[in-house]
Amino acid sequence: MSSHAGQSAVTVLGLGPMGRSLAGAFLDAGLRVTVWNRTPGRDRELVARGAAGARSAAEAVAASTVTVVCVVNNDAVDAILRPEAVTAALKGRTVVNLTADTPDRARDAAAWAAGHGVRYLDGAIMTPAATIGTPAAVFLHSGPEALYREHLPVLEALGGTHTHLGEETGRAAAYDIALLDIFWTAMAGCAHALAVARAEGITGQELAPFAKGIGDILPAIFEEMAREADGGDFPGDDNPITSAVSSMAHIVHTSEAHGIDAGVMRAAEGMARRAVGRGHGADGFTRIAELLGRR
Ligand code: NDP
């Protein structure tokens, strides 16, 4: 897959849990892999499995035509890629940045790359490190389509599904932000529900089967909400916002009666109450998306 004979097929910069999984999957797929991490020593297991451990980021990127970078955020990406020696070594090569950050930071990275002769793709990983190299992994990509197609054979060594969302660089990060919005509010709900259930004498294990039931109804609800949001129609015949407000108030009261902070639910209830206050109490919950988007 490498076009430079004798070079690694791919370099991986950043050996946190995700970077190690990416490098491991490339090795499992039989690619020649060079790795580097800011803190030395994190490459030991990968080197034992056949990766080449570079002594510097510049040496690492010079070893391959494509470099995958996956670190905590784009400040860290900048700290790694923008020193002169690394930038010089990257000239004419490709960076695939799988680090999570904002759409603006993705666009900024692409502008920097364009200004320095570096070919740049941005991406987001939507599944945990343990899925990498398996069919369950989900990767989103954005940036020049021809560049994406050129490197797809290497990216596919990571397993899972790869979706190119468009040439606009910020697009993968924009999907990532919207999807993580769902994820982290759900995670906050899970943590809060466990605390409230425990205060009522219910163990996590007792709650889990019913919690899974709640999870199971969400895909159909999301599809319906998506149709409503796109169509601008928010029927509330079966579940008006007034009913949602009442349900959320019960959660707030029960939590606070146990001395458990209900800030997240108070915020959600507040949004719903504002919708009612603006005369939308009979509408469905998706009306809140429309209200939030008003300028
Ligand atoms: P972290 O997000 O904790 O990132 C750790 C990596 O960032 C290490 O390689 C660390 O180097 C490096 N780093 C941090 N600060 C700097 C810096 N200033 N300069 C250079 N390197 C730095 O762990 P993950 O590997 O889990 O995540 C990497 C990316 O993948 C993140 O953007 C995350 O959101 C995303 N992701 C992770 C998932 C997961 O399951 N782990 C799932 C989906 C996405 P050092 O060892 O030297 O500290």
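So here's what we get for this one:
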{"read-out": "Of the criteria (1) within 11 Å of the ligand (Cβ to nearest atom); (2) over 18 Å from GLY14 (Cβ atoms); (3) without any contact (Cβ under 8 Å) to a residue 60 or more places away in the chain, which one GLU156 fails", "value": "(1)"}
{"read-out": "Helices (runs of 4 or more DSSP H) within the stretch 1-100 that include 2 or more residues of a type in the set (A, V, I, L, M, F, W, C) and within 14 Å of the ligand (Cβ to nearest atom)", "value": "17-28, 57-62, 74-81"}
{"read-out": "Every pair of residues 6+ apart whose Cβ atoms lie under 9 Å, when the first sits in the stretch 23-39 and is of a type in the set (D, E, K, R) while the second is within 12 Å of the ligand (Cβ to nearest atom) and open to solvent by 50 Å² or more (accessible area, probe 1.4 Å)", "value": "ARG38/ALA79"}
{"read-out": "Set LEU13, LEU81: member being in the same structural domain as LEU121 (by TED's automatic domain parsing), farther than 23 Å from PRO153 by Cβ and open to solvent by less than 10 Å² (accessible area, probe 1.4 Å)", "value": "LEU81"}
{"read-out": "Elements of type helices (runs of 4 or more DSSP H) contained in the stretch 140-234, each with 3 or more residues being within 16 Å of ASN97 (Cα to Cα)", "value": "145-155, 171-199"}
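The values are calculated or read from the model by the stated rules, or taken from the named source; none is laboratory data. Bear in mind that the values here come from a model prediction, so they are computed numbers and not experimental data. Note that we place each Cβ from the backbone using ideal geometry, even for glycine, and neighbour counts take in every protein chain shown. These area figures cover heavy atoms from the full protein model, side chains too; ligands, DNA and RNA do not enter into them. Shrake-Rupley method; radii C 1.70, N 1.55, O 1.52, S 1.80 Å.
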